[in-house]
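Participant: Structure provided below as structure tokens; questions to follow.
The values are calculated or read from the model by the stated rules, or taken from the named source; none is laboratory data. These numbers were taken from a predicted model, which means no experiment stands behind them. Quick reminder, even Gly has a Cβ in these numbers, built from the backbone with ideal geometry, and neighbours come from all protein chains shown.
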Amino acid sequence: MEAAIHQLAHWGNLALETIAILVVLFGSAQAVVAVVRVVAGGADKGGLRGRHVWLVYARWLVAGLTFQLAADIVGTSLATDWQDVARLAVIAVVRTLLSYFLDKEVENTRRLQHPEAAAGEA
């Protein structure tokens with residue numbers, strides 16, 4: 001029974017890591033295309049189009065990091081090595097910080113794009 005659980009955890013970990021890689025690759029490809037469009041499109045008033053591209057890309061990276069965190073949770077659920085647990089803790093902290101600063105950036109961009117709405121909230 002224990003061997004079956006270990007095998008399930010191994011395959012689950014591999015599947016989640018694969019999804020994380022695919023999410024990051026897809027988001028990266030999408031970001032490259034969007035950057036080319038912004039550059040080819042000429043002037044970017046206030047840098048908002050470029051900032052939007054970055055925000056969308058950051059969301060893809062956070063999604064990929066979330067899948068990677070899930071893979072690490074599955075992988076370390078059966079681990080007895082403190083190094084694996086420390087790795088999971090570092091990934092969790094990085095993901096949390098990235099999400100926090102992404103939320104701040106989204107709010108800042110929203111204020112720049114819609115100053116009238118931001119003024120109404122103050």
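Participant: Note down all Cβ pairs under 8 Å where the first residue falls in segment 85-105 and is more than 15 Å from W60 (Cα to Cα) and among the small types (G, A, S), the second is surrounded by 15 or more Cβ atoms within 10 Å (Cβ to Cβ) and at pLDDT 80 or above, and they're at least six residues apart or on different chains.
Facilitator: A92/L69
Let's see how each residue does on (1) of a type outside the set (D, E); (2) in a helix (DSSP H, G or I); (3) under 29 Å from I5 (Cα atoms):
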| site | (1), (2), (3) |
| --- | --- |
| A29 | yes, yes, no |
| L65 | yes, yes, yes |
| L78 | yes, no, yes |
| V85 | yes, yes, yes |
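Participant: Kindly provide the set of residues from segment 13-72 that are touching a helix residue (DSSP H, G or I) at 6+ places or on another chain (Cβ under 6 Å) and of a type in the set (S, T, Y), ordered by number.
Facilitator: The one that is touching a helix residue (DSSP H, G or I) at 6+ places or on another chain (Cβ under 6 Å) and of a type in the set (S, T, Y): Y57.
Participant: When only residues in segment 86-112 that are in contact with an Asp or Glu (Cβ under 8 Å, 6 or more places away or on another chain) and not basic (K, R) count, which is nearest to R49 (Cα to Cα)?
Facilitator: Here is the first cut: in segment 86-112, the ones in contact with an Asp or Glu (Cβ under 8 Å, 6 or more places away or on another chain) are 87-88, 91.
Of the ones still in play, those that are also not basic (K, R) are 88, 91.
Numbers: L88: 35, I91: 30 Å.
The qualifying residue nearest to R49 (Cα to Cα) is I91.
Participant: Can I ask one more? Got at least one residue in segment 33-44 being modelled with pLDDT of 90 or more and either surrounded by 14 or more Cβ atoms within 10 Å (Cβ to Cβ) or at positive phi (or both)?
Facilitator: Scanning segment 33-44 turns up at least one residue that is modelled with pLDDT of 90 or more and either surrounded by 14 or more Cβ atoms within 10 Å (Cβ to Cβ) or at positive phi (or both).
Participant: Separate question: Just name the residue that is surrounded by the fewest Cβ atoms within 10 Å (Cβ to Cβ) out of those in segment 72-89 that are of a type outside the set (A, V, I, L, M, F, W, C) and under 20 Å from the mean Cα position of the chain (by Cα).
Facilitator: Filtering segment 72-89 for residues that are of a type outside the set (A, V, I, L, M, F, W, C) and under 20 Å from the mean Cα position of the chain (by Cα), the one surrounded by the fewest Cβ atoms within 10 Å (Cβ to Cβ) comes out as R87.
Participant: Considering every residue within segment 47-56, establish whether at least one is in a helix (DSSP H, G or I), surrounded by 15 or more Cβ atoms within 10 Å (Cβ to Cβ) and modelled with pLDDT of 90 or more.
Facilitator: Checked segment 47-56: no residue is in a helix (DSSP H, G or I), surrounded by 15 or more Cβ atoms within 10 Å (Cβ to Cβ) and modelled with pLDDT of 90 or more.
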